[in-house]
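The values are calculated or read from the model by the stated rules, or taken from the named source; none is laboratory data. Note that the structure is a prediction, hence the values are computed from the model and not measured. Cβ coordinates were reconstructed from backbone atoms using ideal geometry, including for glycine residues, and neighbour counts include every protein chain displayed. To get the accessible areas, we keep the full protein, side chains included, count just its heavy atoms, and leave off ligands, DNA and RNA. Shrake-Rupley method; radii C 1.70, N 1.55, O 1.52, S 1.80 Å.
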Amino acid sequence: MKRIGIFAKRHHEDAVRLAEEVVAWLVERKIEVFVDEPLANDMSDMRGYSGQAIPPLVDMVVVLGGDGTLLYVARLIGDLRTPILGVNLGSLGFLTEITRSELFPMLEQVVKGDFTVSRRMRLLAIIRRERKEVARYRVLNDIVINNLAISRQHACIEDS
């Protein structure tokens, strides 16, 4: 790994501080870091990048937050096969399986190349009205069908 992107749930009390620790740790190991612009604005002296610009530039993305944050980043990654390391900063995470205490030991393994990528199957959701396709989504987690309002859209990490 030579380039790593960082995204975080900015409103989590600990996320910005942890992101700063991760950036310092990675820079110390001569890894180029690309931080999501809103997160970088909350950090001291950090250049930020648009969320959409990061996935094609990096070898991996670290997500500090929960499943919702990971799903947001997965949408940005789209059809790229950029691996995501999800770190759960909350109480329960099905997709963000790494705990804060496991983060740095896991990063050490990743930097050494001692890791495997778990592929996730995605679903294709197509919305049609009067036989005409009006929207198409690749989803990782679930599909919510609601005729009253548009619900949050979920995308995916990669095809299996």
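Contact map, the range 28-41: residues that are under 7 Å from ILE4 (Cα atoms) paired with residues that are among the aliphatic types (A, V, I, L, M) and not in a strand (DSSP E or B), Cβ distance under 6 Å, separation 6+ or inter-chain. Pairs shown: VAL33/VAL23; VAL33/LEU26; PHE34/ILE54; PHE34/LEU57; PHE34/VAL58.
Going through the range 44-84 one residue at a time, which ones are aliphatic (A, V, I, L, M) and open to solvent by 20 Å² or more (accessible area, probe 1.4 Å)? Scanning the range 44-84 gives MET46, ALA53, LEU57, LEU76, LEU80, ILE84. For the range 111-123, the condition of being within 21 Å of LYS2 (Cα to Cα), buried (at least 16 other Cβ atoms within 10 Å of the Cβ) and not charged (D, E, K, R) holds for at least one residue. In the set (1) free of Cβ contacts under 8 Å to residues at least 60 places away in the same chain; (2) under 14 Å from the mean Cα position of the chain (by Cα), GLY48 fails one condition alone, (2). A residue that is charged (D, E, K, R), out of contact with any strand residue (DSSP E or B) (no Cβ under 7 Å at 6 or more places or on another chain) and over 23 Å from GLU108 (Cβ atoms) cannot be found anywhere in the range 15-31. Considering the range 11-43 alone, what residues qualify as being under 19 Å from SER101 (Cα atoms) and either open to solvent by less than 20 Å² (accessible area, probe 1.4 Å) or part of a loop (DSSP other than H, G, I, E, B) (or both)? Residues satisfying the conditions are HIS12, GLU13, ASP14, ALA15, LEU18, ALA19, VAL22, VAL23, LEU26.
For ARG3, state whether it is within 15 Å of the chain's Cα centre (by Cα), of a type in the set (Lys, Arg), open to solvent by 80 Å² or more (accessible area, probe 1.4 Å) and farther than 21 Å from LEU140 by Cα. Yes.
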